[in-house]
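For reference, the structure is listed below as structure tokens.
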Amino acid sequence: MTDYTLVTGAARNIGRAIATRLKADGQNILMLDVLDPEDPSLGEFRRTDLSSSTDTAQAMAWAMGDDRRITRVVNCAGIVSTDKIEDVSSEDFDRVMAINVRSYVEVMRAVTPAMKTQGFGRVVNIASRAALGYSNLTSYAASKAAVVGLTRTWASELARHGITVNAIGPGPIETDMLRAAQSAESFEAYRKTVPVGRFGRPEDIANGVSFFLDDRSSFVTGQVLFICGGMTVGNAGVV
Ligand SMILES: NC(=O)c1ccc[n+]([C@@H]2O[C@H](COP(=O)([O-])OP(=O)(O)OC[C@H]3O[C@@H](n4cnc5c(N)ncnc54)[C@H](O)[C@@H]3O)[C@@H](O)[C@H]2O)c1
């Protein structure tokens, strides 16, 4: 059996940076994404629409076949939907929840029995600063608050099995998703509100993931690390 780390949403931006860092850390990478990976050399890839439970189940059967032992998981796939509460569409809400929450549950459900047998597992779920509340992001904020809830729940449920489960709450990271959620001028105004004076880079998130997945992080579980350039401290947004 060979050990593998499964990364969802690994095709580009934050997920790609995570896969790149974990490969450099010496891990074998499996990637699931609806898009082809920008860097196929990072590991083995299966095209998967994580909004479909059927597709996700088939991908997990693939991931756990061929003598592979999944010891680490990073749930990173996500989409954003921006709407004022009075305009939220139920279809968008369901789609955001399917990808940002249900796929995380379905991936975890698939890997947990083997992790319990192994007596070892490391899991990181990508949440968001939006879990703390964020105007015009009803569906997304709800999905990311759910990610925090299930992280803490799995940490509690699985701690005795040697499985740690933590979350990272990124602040604004300069990716396609961030640009899609902002107009050009609000993008620059937003940048000025970040206490450290810049948007984050995907590698900033990968650095935190690497820490949580390390063998030596066995006493760290159920935590949410905000990698946010200071955006979650009390006076963030005051320039
Ligand atoms: N960029 C930010 O500022 C920011 C802030 C907080 C949290 N996040 C979170 O970080 C994660 C990565 O975001 P990003 O900024 O790199 O966004 P991104 O849009 O560049 O990447 C998201 C990845 O998820 C994949 N994905 C989307 N829908 C999918 C589906 N149905 N099936 C399979 N894969 C699918 C995409 O193809 C893409 O590779 C997301 O969970 C996002 O919510 C990002």
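Worth a mention:
- Residue within region 35-47 that is modelled with pLDDT of 95 or more, closer than 19 Å to residue 147 by Cβ, touching a Leu at 6+ places or on another chain (Cβ under 9 Å) and not in a loop (DSSP other than H, G, I, E, B) present: no
- Of the residues making up region 168-207, those that are assigned to a helix (DSSP H, G or I) and either touching a residue at least 60 places away in the same chain (Cβ under 8 Å) or among the basic types (Lys, Arg) (or both) number 11.
- Region 40-90, residues that are β-branched (Val, Ile, Thr) and either within 11 Å of the ligand (Cβ to nearest atom) or crowded, with 20+ Cβ neighbours inside 10 Å (or both): 48, 56, 70, 71, 73, 74, 79, 80
- Residue list for region 54-83, filter: of a type in the set (Lys, Arg) and out of contact with any helix residue (DSSP H, G or I) (no Cβ under 8 Å at 6 or more places or on another chain): 68
- Selection from region 121-143 of residues that are away from the ligand (no atom under 14 Å from the Cβ), without any contact (Cβ under 8 Å) to a residue 60 or more places away in the chain and closer than 17 Å to residue 15 by Cβ: 123
- Taken over region 82-103, the criterion of being in contact (Cβ under 8 Å) with a residue 60 or more places away in the chain and within 22 Å of residue 165 (Cα to Cα) is satisfied by 103 alone.
- Residue ID - nearest to the ligand (Cβ to nearest atom), chosen from residues in region 22-34 that are within 15 Å of residue 75 (Cα to Cα) and not in a loop (DSSP other than H, G, I, E, B): 33
The values are calculated or read from the model by the stated rules, or taken from the named source; none is laboratory data. Treat the numbers as computed from the prediction; the structure is a model and nothing was measured. Cβ atoms come from the backbone with ideal geometry, glycine included; neighbour counts cover every protein chain shown.
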